[in-house]
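Worksheet: the structure to be examined is printed underneath.
Every number in this text was worked out from the coordinates using simple rules, so none of it is lab data. This is a predicted model, so every value here is computed, not measured. Note: ideal-geometry Cβ built from the backbone for every residue, glycine included; neighbour counts use all protein chains shown.
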Amino acid sequence: MSTRADVDTGAAGTPETAEVETVDAVVVGAGFCGLYTVWALQQRGLTVRGIEAAPTVGGVWYWNRYPGARTDTPQEAYRLTFDQRLVEWRYSRKYPEQREVLQHLDFAADTFGIRDRYHFSQRVVSARFDEAESRWTITTDRGRVVRAQYFITGLGLASESIRPAFPGAGDYRGRIVYSTDWPEEGLDLAGQRVALIGVGSTGVQLAPAIAPFVRELTVFQRTPNYVIPSQNPLISDAEHDEMVADYERVRGLVRSHPVGFPFELSTGRTTAGVDREEVDRVLESLWERGGFAFLYTGFDDVLIDLEANALLVDFVQRKIRSIVQDPDVAARLTPSYPYGAKRPPTSDGYYETYNRPNVDLVSLREDPIVRFTERGIETQSGEREFDVVIVATGFDSATGPFNRIDIRGRGGAALTEHWAGGPSTYLGIAVHDFPNMLMVAGPHSPFANLPPGAERIGRWVADLVATARREGAATVEPTREAEQRWNARIQADGEASPILTAGLEVNSAAVGANVAGKARAFYFFNAGMHAYSAELDAEEQAGYPGFRLV
């Protein structure tokens, strides 16, 4: 339903009078979280409008089109599953590449009529709560205004990229490309002199993908990473059919696993009393298996005990030295911090890339960037010339996507001020003084595989909204006490982990340390997806005691 009304948008550059669309709920984002939540709310009888900055669905999988982009979650758990046709969706490899993930989301959007509910190519610039009417007014950068009882975000945990202000960047005559905004038409790098800045999850995928055909590749590294091979095999028809036939078992594995992976839970094996030779044998088998099995299916104590964790550190350090032929390069590539203090990415052939004669590594801790020049990049040791500079410097995780929107709750309170010292939420879903604002995979939600989390949280949010509507409640808002309890839980869980606290020293996004000026805090629920799901069950079964429905 649309009506014509005079609206003071409060957003610079937008008209004071605009056609206002009125719906029950606005959902921002068209990735896994947004698409599922739009579908779930429609299933419960709400009118819904989705808003997405990209020209189509996909979220992070639309923007991150760089060479080598793929997920590091096994394909059986990297999909929507609310309909059997989605379970039967056919990926070609164990770890799907960007193009296939985008195709999966396209299929879901078209098959279930979700795409038609979206306004695309529009970025939300403001969202303001009207206390008198218990409604939100959402305004986009193109002047569109939507009013809704519920303002629901599906912004993703890694959708706001970090774009450093390099001195002299405006003087550079070559091309600067951001991994999070890769040209849709592609980029011909053959024979080019290329700089790659950043070795996080993106950089370690990009480097081996482009090294074989560029003239020169210089990788600029701030903090070395532990990089495990994914060993990414093709999925045969028989393997796919077996997965589909056995999907309830897969679903059960995902639900019970701390990070939502389709792995069998450990039998309680720890490193205590195990000789070094046996530890190495287990770790070697997991290295050959590839992916996050290395961290989550070996020994239960490696994420809670520093001595046990040191065994993983030593194993990967030895692997790096055995793969990289130049001892000086191997030393620069070798991390020394606890394994898991930063998210350990996966990539096939990453360390082997540095054995190529056309690849060089610059440690920014030893030789920092001074400025960009007309021809390239000047570090303390001198100038290097490049045709293309690729910036892959990571994401302002969790709160970053919210900070770019002017969100105002009760009494005009700004969300950025409420979160100035770090995020404050209840269940990672709602915020006191921001009635009817609900988040799917917002700050304080689990650090885990996203698609099953998107469905679990999206379904819970949709059920909460449906309950409020049945009870005739105009607003849904967590109590201050519930929010404080949840924040205390997040803090206690984080402080209890020596691995997580080590992230403060190594620029981990999980504690905000990768963004200059960002509050150092624990940005995620770290007790596991299974424990988080139990919290949601308890809240719902008790009748939502942490919320006021009035």
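Counted as qualifying within the stretch 321-407 are the helices (runs of 4 or more DSSP H) with 1 or more residues that are closer than 30 Å to ARG128 by Cβ, out of contact with any helix residue (DSSP H, G or I) (no Cβ under 7 Å at 6 or more places or on another chain) and in contact (Cβ under 8 Å) with a residue 24 or more places away in the chain, namely 400-403. Scanning the stretch 282-313 for residues that are in a loop (DSSP other than H, G, I, E, B) and hydroxyl-bearing (Ser, Thr, Tyr) yields a count of 1. Taking the condition of being more than 14 Å from ALA40 (Cα to Cα) and either part of a loop (DSSP other than H, G, I, E, B) or of a type in the set (Asp, Glu) (or both), how many residues in the stretch 432-444 meet it? So the count comes out to 9.
Do we find a residue being assigned to a loop (DSSP other than H, G, I, E, B) and surrounded by 16 or more Cβ atoms within 10 Å (Cβ to Cβ) anywhere in the stretch 235-251? Looking for residues that are assigned to a loop (DSSP other than H, G, I, E, B) and surrounded by 16 or more Cβ atoms within 10 Å (Cβ to Cβ), one finds at least one in the stretch 235-251, hence yes.
Residues that are more than 25 Å from VAL279 (Cβ to Cβ) and not aromatic (Phe, Trp, Tyr) do occur in the stretch 331-351, at least one of them. Here is a check on your reading of the model: is GLU477 in a strand (DSSP E or B), surrounded by 19 or more Cβ atoms within 10 Å (Cβ to Cβ), over 20 Å from the mean Cα position of the chain (by Cα) and not small (Gly, Ala, Ser)? Criteria met by GLU477. Taking GLY156, is it out of contact with any Cys (no Cβ under 9 Å at 6 or more places or on another chain) and small (Gly, Ala, Ser)? Here the answer is no, as GLY156 does not meet what is asked.
The residues of the stretch 340-378 that are of a type in the set (D, E, K, R) and more than 26 Å from SER397 (Cβ to Cβ), listed by number, are GLU352, ARG356, ASP360, GLU366, ASP367, ARG371, GLU374, ARG375, GLU378. Can you tell me which residue within the stretch 257-294, out of those that are free of Cβ contacts under 8 Å to residues at least 60 places away in the same chain and under 21 Å from the mean Cα position of the chain (by Cα), is nearest to PRO451 (Cα to Cα)? Among residues in the stretch 257-294 that are free of Cβ contacts under 8 Å to residues at least 60 places away in the same chain and under 21 Å from the mean Cα position of the chain (by Cα), the one nearest to PRO451 (Cα to Cα) is PHE263. Exactly one residue out of GLY503, GLY442, GLY546 is closer than 25 Å to CYS33 by Cα and under 19 Å from the mean Cα position of the chain (by Cα), and it is GLY442. Looking across the stretch 445-474 at every residue that is assigned to a helix (DSSP H, G or I) and among the small types (Gly, Ala, Ser), the one that is farthest from the chain's Cα centre (by Cα) is identified as ALA468.
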